[in-house]
Amino acid sequence: LSHGVQFIGLMLMLFISVVTYFTVSGAVRSRMAIHQTELELLHIMGAHDKYIRSQFQKYILLLTGKGIAIGTVVTLIFLGLLYVASTQFPATLPKFTFYPAQLIALPAVVGALVVISIQAARHTVSHVLKEIP
C-alpha cells in the first residue's frame, strides 16, 4: 500500500511539473502577444534574442517566485498544524514525524519548479522569436 501511495505521489509530481511547464509557456506566449509590436521593434533595432529571452526569464522568475513562496509558506503551515494536531490528539491521528529525506524533499521540489519554469520560458521565447521576422 505504501509503495502504491509513493507511486501516486510521484505521478502527481510529474503531472504538476507538466502543468507548470504548459502554464508558464502559455503565460509567456500571452505576454509576448501583448508586446508583439515592441518585440518587433527591438528586433529591428538589433536586440539579440538572448537579451529578450533573459527579460522574459526574469519576469517569469519573479512571478513563479511569488507563487512558490506562497505555496511553500502554506505547505509549512499545514505541516506544522498537522504535527501539532498529531501530538495533541494521539488517539485520533497517527504520530507525525519528519525524516531527513522529507526535509530535503521540499526545497528540492521548490528548486525543480523554478528550473521547470525558467526552462519553459526560455524554450517558449526562443520558439516564438524564431517566428518573428
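The values are calculated or read from the model by the stated rules, or taken from the named source; none is laboratory data. Worth saying up front: this structure is predicted, and the values here are computed from it rather than measured. No Cβ is skipped: glycine too gets one built from the backbone with ideal geometry, and neighbour counts run over all protein chains shown. Protein only, heavy atoms only, side chains kept; ligands, DNA and RNA dropped before computing areas. Shrake-Rupley method; radii C 1.70, N 1.55, O 1.52, S 1.80 Å.
Are any residues in the range 75-133 within 28 Å of residue 18 (Cβ to Cβ) and basic (Lys, Arg), and if so, which ones?
The answer is 122, 130.
Out of the residues in the range 1-11 meeting the condition of being open to solvent by 100 Å² or more (accessible area, probe 1.4 Å) and part of a helix (DSSP H, G or I), tell me which one is nearest to residue 67 (Cα to Cα).
Within the range 1-11, the match that is nearest to residue 67 (Cα to Cα) is 10.
Going through the range 41-58 one residue at a time, which ones are in contact with a helix residue (DSSP H, G or I) (Cβ under 7 Å, 6 or more places away or on another chain) and either on the phi > 0 side of the Ramachandran plot or of a type outside the set (A, V, I, L, M, F, W, C) (or both)?
Correct list: 49, 53, 57.
Select, from 21, 51, the only residue that is closer than 18 Å to residue 112 by Cβ and open to solvent by 60 Å² or more (accessible area, probe 1.4 Å).
Being closer than 18 Å to residue 112 by Cβ and open to solvent by 60 Å² or more (accessible area, probe 1.4 Å) holds for just one of 21, 51, which is 21.
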